[in-house]
Amino acid sequence: MERYRRASQILLRYVSCETRSLSKRPCGSSIAGQSRIQEQFIREYNTKLRNVLPHSMPRVCTRTVQGSRIFCLDRPCGIQGRSYSSAATYAQRNPSYSTLNSSDITYFRSILGDKNVVQDEDRLSAANTDWMRKYKGSSQLLLLPKTTEEVSKILFYCNSRRLAVVPQGGNTGLVGGSVPVFNEVIINMASMDKIISLDKVNGILTCEAGCILENLNNYLTSEGFIMPLDLGAKGSCQIGGNVSTNAGGLRFIRYGSLHGNILGLEVVLANGTVLDMLGTLRKDNTGYDLKHLFIGSEGSLGIVTKVSILTPAKLLSTNLAFLACNDYLSCQKLLFEAKRELGEVLSAFEFMDSHAIDLVLGHLEGLRNPLPTSSYKFYVLIETTGSDESYDKAKLEAFLLHSMECALVSDGVIAQDISQASTFWRIREGISEASVKLGAVYKYDLSLPVEKLYDIVEEMSQRLGDVAKVVGYGHLGDGNLHLNILTAEYSDDILAKIEPFVYEWTSMHRGSISAEHGLGLMKADKIHYSKSSETVQLMASIKKLLDPNCILNPYKVLPQSVL
Ligand code: FAD
Ligand code: MLT
Ligand code: ZN
């Protein structure tokens, strides 16, 4: 098996060289210009594959904007002080909210215990600042409940006192949803991190909302299952945060949305009512399926305290290819072919442009381009996961060979072991980390028709010229572009060139201005680019019904004007 694997990789690398020199060769034509030995090798290889696959052989200082205090940026590393503003990102403090007093603190201590009522400056500073260090609140209080009952008591009290709160998970959100805008009380769910049960017959995990995604996946792996979602922030983000943002991520193409995988939720409403919807049934058509209201509501309708989730079986074989394509059309065609030829084993299809790769390789330690010979315009990661090692490997190799013959792929390499695979993934998952090292990053997360998806990157690049580096990458298999615009520092002039253009463009192409990151603070008043006014009005009615005092995550998700 090992010999076969090595041979196939050599072949892949070898064919890729040939393909570069013969890129115009029509699909399926013979590989001209090769030595006889090479031809013979390919013939033998194809015969071998046919035997394996008999039928389907494929060949972030405070800042005032228009009189309003907005969130800020202050990089603790001290390299760069920068401020960021957007028409979408300032908010006027709602004067109907109370401010904390000493009896509030006494009450919270009585229900949570002293150590779970945090007023320490350093810890508050971290909890007030988002992952990108772009949004910073000024909360004076961080609460760490351990049980649903404690969450219920906190919310009952805050609602009666009209104290605004921000539910917080791992604080890895990218739209300013997880941190206070002003002095809202932060309710962090980290202490609710127990696994409650795993139904091994049906693959259903029930756990508390504060469980870290990676911990859940590690636990499941040891039991023969996996989480149906995976993302670069897995080491910090919590399942409750994932549910509340309806996170997409790297396995979406295979296992779909959390709306499909979440079977049940326990949620605490703004007035402290505990909604037990923690079912574990696959099918349940008794009335409105209310859990869906909370999936993706970004902490604006309730606090998720428990989750039950469908977990797929852990499959035996995983293969990962790191590929280069010369143009975006080839990436699209490759996706089209991958869906057909790899079918049921396809588990990820991610793409990055050359700027994204340069960014990662230039700013993260210990990484190099797996395809060092030349720089290509696009790179694609294709992962397959299946239950038959030799079949799955052969299937991917055959697909890649065919794709090279068709000149869709210009070069490629298949990971030979777990360490190589994790390096390939590190390159893709490291883009967000690398992008915040450069200076300012204007981050957009768009859903677009795949054919149009890269046009916005090129248009934006032309629009901004030399003042910015425009980077495109994302979950191509799901039609999800991450458009990152990098500049030395934030500037209102640059922002005015980006917005509202980016939103108008997306809307014009019937895309969504938030594919998977949510609206948070950043895009709360941009929702109309993707939703009709009637829809937004209904959302506002739901918000007012469930949270009449608007204490949950104020200034986020919906425009203030509709509430
Ligand atoms: P937080 O950031 O703490 O909160 C996010 C939102 O959910 C906030 O509005 C908060 O109020 C609310 N919230 C959190 N917990 C609860 C709760 N228990 N009840 C109610 N509301 C709650 N996102 C993707 O979709 N796909 C990706 O591939 C992806 N990759 C990422 C990679 C990196 C390196 C980083 C930094 C982020 C990435 N994200 C991605 C964004 C982010 O990780 C996700 O949105 C994640 O789901 C947030 O989880 P969290 O626990 O950190 O939530
Ligand atoms: C990703 O896919 O890497 C994420 O959603 C995070 C990001 O875009 O920064
Ligand atoms: Zn993403």
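The values are calculated or read from the model by the stated rules, or taken from the named source; none is laboratory data. Given the structure is predicted, the values throughout are model-derived calculations rather than measurements. In this analysis, Cβ positions are derived from the backbone assuming ideal geometry, glycine residues included, and neighbour counts consider all displayed protein chains. All accessible areas refer to the heavy atoms of the entire protein, side chains included, with ligands and DNA or RNA removed. Shrake-Rupley method; radii C 1.70, N 1.55, O 1.52, S 1.80 Å.
So here's what we get for this one:
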| item | result |
| --- | --- |
| Local electrostatic count, GLU365, Cβ distance below 12 Å [Lys/Arg +1, Asp/Glu -1] | +2 |
| Carbon plus sulfur fraction of accessible area for the range 317-509, probe 1.4 Å, in percent | 48 |
| Mean Cα-pair separation over length for the range 317-509, i.e. relative contact order, pairs under 8 Å, 6 or more apart, % | 28 |
| Sequence of GLU433, GLU504 from largest to smallest accessible area, 1.4 Å probe | GLU504, GLU433 |
| Around LEU281: net Lys/Arg minus Asp/Glu count, Cβ-Cβ under 13 Å | 0 |
| Accessible area of CYS325 in the full protein assembly, 1.4 Å probe (Å², nearest 10) | 0 |
| Rg [Å, one decimal], Dmax [Å, integer] - the range 102-188, C-alpha atoms | 12.3, 34 |
| Nearest-10 value in Å² for the accessible area of THR106, using the 1.4 Å probe | 90 |
| Neighbourhood net charge (9 Å Cβ-Cβ; Lys/Arg +1, Asp/Glu -1) for GLY472 | -2 |
| Per residue, in Å², the accessible surface of the range 238-294 once ligands and nucleic acids are set aside, probe 1.4 Å | 47 |
| Accessible area of the range 317-509 divided out per residue, in Å², using a probe of 1.4 angstrom | 34 |
| Peptides 345-354, 543-552, 287-296, 118-127 ordered by average Cβ neighbours within 10 Å, highest first | 345-354, 543-552, 287-296, 118-127 |
